[in-house]
Amino acid sequence: MSGPPSSETPPLRVVLAKLGFDGHDRGLRVVARLLRDAGCEVIYLGLRQSVDNVVAVVEQEDADAVGLSMHNAGHLTLAPKMVQALRDAGLDTPVVVGGIIPDVDVEPLRQAGVAAILGPGASAEEVVHAVRSAVDSTP
Amino acid sequence: MTQRGLDLDDIVERALGGQRRAVGRLLSVAERGGAEADRLTAALHGRSARAHIVGITGPPGSGKSTLVGRLTAAAAASGANPAVLAVDPSSPLTGGAILGDRIRIDRTGGDVFVRSIATRGHAGGLAVAVPGAIRVLDATGFDPIIIETVGVGQVEVDIAAMADTTVVVANPGTGDAVQANKAGLLEIADIFVVNKADLPEAEALRLDLERMLDLSHVTGHEAYRGRRAPIVLTESLSGTGIDELWTEIIDHRSLLDASNARQLRQLLRLRAEVEALVAGRIHRLTRAVFDSSAGERALADLASGRIDPVAAAEIILDEGTASLGS
Ligand SMILES: Nc1nc2c(ncn2[C@@H]2O[C@H](COP(=O)(O)OP(=O)(O)OP(=O)(O)O)[C@@H](O)[C@H]2O)c(=O)[nH]1
Ligand SMILES: [Mg+2]
């Protein structure tokens, strides 16, 4: 006898990380709590993560999305590298970027495959909505 | 259908071939439960290579993840292929969780397979999800499988107790020995670890534990476990004592293998899993009866005082049993 499919859809699993060597993870911790309170399971990696490590974590944790916090000028190189590394590994996991991103950089990041970009003033609803719709629009 | 349009058999094939992404997917299937998890169980049962299951439990913040990282490094150095299941509580209010073990495990461990599992609150969920996850990791070649749980809450303690080798962690100067005793951790320990032994009063904690073990010698509990649990002092930040702990874990495995104790423990695990599966099915069945017209009628009769709760329960059970036959 086989059981019926489980009734509830499982929680979204989101990997949160900061790439490179800069800064603090205060903003990332706030986002972690927002997502938890919205019912997500947050795999918290924190500071100084490498692109390759994030890919390995996404595979092992079967994550639905990656959230990157960016507070230096590195976003234009690191965020596209993250997207590319995931695609190279055969993963279609969406990447959401948050932090201080100049307006002129938004379009290039989108072109590079970043699913959503959030400014430092994004509300809880905006953060959660960005992650959910990024996951929903992934084939 | 599996998420992202992949066929389960195909994922199983790739996971057995060693693809970590496929192993990750299978762990999600096992965790989610339901019909697809049932199919996965059918596909993997019998492929088990009998990995050594090591449970690590203890109070919040006692250094379990840091210790687990060190142990995976020791295991890998000895040529083993370890994996970790790190269990953290879900928020009972929102169902969300921040899974923070992995960051600490990665810091002291090497390039090792780690899967974070949230308790997800549903009754008996872990009791099915964890054995399912163990089955996936075992079949795909990981050994040992180290499971970290916080030693509070019956479910978490039960998970740790299911291991072949259960390691209970305590810290100096915290009253952990007494707490561990209350939480029922003393009875399940095959090995005690005094972690953060760099802090004062580590020796005092060891003596406390020794005294409690003296008592379990008197009560006959020690004979039941097969031996007196050794106590190892570790400093998992620096790595001091880790080799000794790893040796104790290996020795315990050999001890179990020398008798049929490891098979017995596996049988107990299987029994607990079957129990949880049965309970889950009965739960779904009764819920369906509650939602049916017969269930609503029974509740209405209960509300109007025509029948009592025991009679209502009998009606629900009868209806459920009848629906099984149809
Ligand atoms: N002084 C000292 N601190 C340690 C030692 N081992 C771990 N810690 C510290 O203890 C804190 C908790 O470590 P974790 O490894 O996260 O502990 P845990 O038991 O996994 O925590 P939870 O999973 O949250 O229950 C961290 O700040 C560690 O750096 C040790 O041997 N000595
Ligand atoms: Mg931990």
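What order, most packed first, do the peptides B:158-169, A:114-125, B:178-189, B:308-319 have when packing is the mean number of other Cβ atoms within 10 Å of each residue? Let's see the in-between values first.
Details: B:158-169: 24.3, A:114-125: 15.8, B:178-189: 18.6, B:308-319: 14.2.
Descending packing order for the listed peptides: B:158-169, B:178-189, A:114-125, B:308-319.
If you plug each phi of the stretch A:86-92 into the Karplus form 6.51 cos²θ - 1.76 cosθ + 1.60 with θ = phi - 60°, what whole-Hz ³J(HN,Hα) values come out, in order, with x for Gly and Pro?
5, 5, 4, 7, x, 9, 9
Applying the Karplus parametrisation 6.51 cos²θ - 1.76 cosθ + 1.60 with θ = phi - 60° to the phi angles of the stretch B:73-80, what ³J(HN,Hα) value in whole Hz is obtained for each residue in order, glycine and proline being reported as x?
5, 5, 5, 4, 5, 8, x, 7
Can you tell me which lysines have their Cα less than 30 Å from the Cα of residue A:18? Leave out same-chain residues fewer than eight positions away.
A:81, B:64, B:196
If you roll a 1.4 angstrom probe over the protein chains with everything in place, what fraction of the accessible area of the stretch A:15-139 belongs to carbon and sulfur, to the nearest %?
Details: 2940 of 5410 Å².
Summing carbon and sulfur atoms, their accessible area is 54 percent of the total for the stretch A:15-139.
Hey, got the average number of other protein chain Cβ atoms within 10 angstrom for residues in A:30-40?
Details: counts 0, 0, 4, 2, 1, 4, 10, 5, 3, 7, 6.
Whole-number average of other-chain Cβ neighbours for A:30-40 is 4.
What is the average number of partner chain Cβ atoms found within 10 Å of a Cβ in A:88-97?
For peptide A:88-97, the averaged partner shielding equals 1.
From zero up to wherever the largest Cα-Cα distance of the stretch B:274-325 sits, split into 5 Å bins and tell me the percent of pairs in each.
5, 22, 28, 21, 14, 7, 3, 0
Counting only residues 5 or more places away or on other chains, whose amide H sits under 5 Å from the amide H of residue B:148 once H atoms are built in the peptide plane?
Result for residue B:148 returns B:56, B:85, B:86, B:87.
How are the Cα pair distances of the stretch B:12-149 distributed, in percent, across 10 Å bins from 0?
Bin by bin from 0 Å, the calculated values are 12, 43, 35, 9, 0.
Cα-Cα pairs above 28 Å in chain B: how many percent?
For chain B, the fraction of Cα-Cα distances above 28 Å is 47 percent.
Name the residues whose placed amide hydrogens come within less than 5 Å of the amide hydrogen of residue B:51, ignoring near sequence neighbours (fewer than 5 apart) on the same chain.
none
Can you work out the FRET efficiency for the pair residue A:30 and residue B:154, with r the C-beta to C-beta distance and R0 = 35 Å, to the nearest 0.05?
According to the calculation, E is roughly 0.60.
Quick one: if the Förster radius is 41 Å, what FRET efficiency do residue A:136 and residue B:13 give, using the C-beta to C-beta distance and rounding to 0.05?
0.90
Any idea of the accessible area per residue across chain A, 1.4 Å probe, to the nearest Å²?
Values: 6340 Å² over 139 residues.
Per-residue value: 46 Å².
Stokes-Einstein diffusion coefficient for the protein assembly as shown at 20 °C in a medium of 1.002 mPa s, Rh from the Kirkwood formula over Cα pairs: what value in µm²/s? All intermediate terms of the calculation are to be shown ahead of the outcome.
Values: Rh = 24.0 Å.
D = 89 µm²/s.
Residue B:270 to residue A:104: FRET efficiency via 1/(1 + (r/R0)^6), r the Cβ-Cβ distance, R0 51 Å, to the nearest 0.05?
Computed FRET efficiency for residue B:270 and residue A:104: 0.25.
Straight-line reach from residue B:182: which aspartates and glutamates have Cα under 19 Å away, leaving out those fewer than 8 places along the same chain?
Result set, ordered by chain and number: B:156, B:158, B:190, B:208, B:210, B:214, B:222.
How high is the relative contact order of chain A, in percent, with contacts defined as C-alpha pairs under 8 Å that are six or more residues apart? Working shown, then result.
Numbers: 213 pairs, mean separation 32.9, N = 139.
Taking the mean separation of contacting Cα pairs over the length of chain A, I get 24 percent.
Hey, any idea what the orientation-averaged projected area of the convex hull of the stretch B:171-305's Cα atoms comes to, in nm²?
Orientation-averaged projected area of the Cα hull: 13.5 nm².
Cα gyration tensor of the stretch B:1-46, axes a ≥ b ≥ c as square roots of the eigenvalues: rounded (a/c below 1.5), prolate (a/b > b/c) or oblate? Walk me through the numbers before you get to the answer.
On the way: a/c = 1.55, a/b = 1.16, b/c = 1.34.
Taking the square roots of the gyration eigenvalues as a ≥ b ≥ c, the stretch B:1-46 is oblate.
How large are Rg and Dmax for chain A when only the alpha carbon atoms are used, in Å?
14.8, 58
Going by average Cβ density within 10 Å per residue, which order do the peptides B:262-270, B:141-149 take, highest to lowest?
On the way: B:262-270: 14.6, B:141-149: 23.7.
The peptides rank, most packed first, as B:141-149, B:262-270.
Which of the peptides B:199-208, A:127-136 is most tightly packed, and how do the rest follow, judged by the mean count of other Cβ atoms within 10 Å per residue?
Result, highest mean Cβ count within 10 Å first: A:127-136, B:199-208.
Taking a probe of 1.4 Å and counting only protein heavy atoms, give the total accessible area buried between chains A and B in Å², rounded to the nearest 100.
Values: alone 7730 and 16070 Å², together 21080 Å².
The A and B chains share an interface burying roughly 2700 Å².
Taking amide H atoms as placed 1.01 Å from N in the peptide plane, list the residues 5 or more away in sequence, or in a different chain, whose amide H sits under 5 Å from that of residue B:81.
B:143
Please average, across the residues of B:37-45, the number of beta carbons from any other chain that are within 10 Å of each residue's own beta carbon, and give a whole number.
Average neighbour count from other chains, rounded to a whole number: 1.
From the Cα gyration tensor of the stretch A:1-80, with a ≥ b ≥ c the square roots of its eigenvalues, which class applies: rounded if a/c is under 1.5, or else prolate if a/b is larger than b/c, or else oblate?
Cα axes put the stretch A:1-80 in the prolate bin.
Using Stokes-Einstein with the Kirkwood hydrodynamic radius over Cα pairs, what translational diffusion coefficient do you get for the stretch A:50-116 at 20 °C and a viscosity of 1.002 mPa s, in µm²/s rounded to a whole number?
Taking Rh from Cα pairs, D becomes 179 µm²/s.
The values are calculated or read from the model by the stated rules, or taken from the named source; none is laboratory data. This structure is a prediction, so every number in the text was calculated from the model and none was measured. With ideal geometry, Cβ positions are generated from the backbone for all residues, glycine too; neighbour counts draw on all protein chains shown. Ligands, DNA and RNA are excluded from the accessible area calculation, which covers all protein heavy atoms including side chains. Shrake-Rupley method; radii C 1.70, N 1.55, O 1.52, S 1.80 Å.
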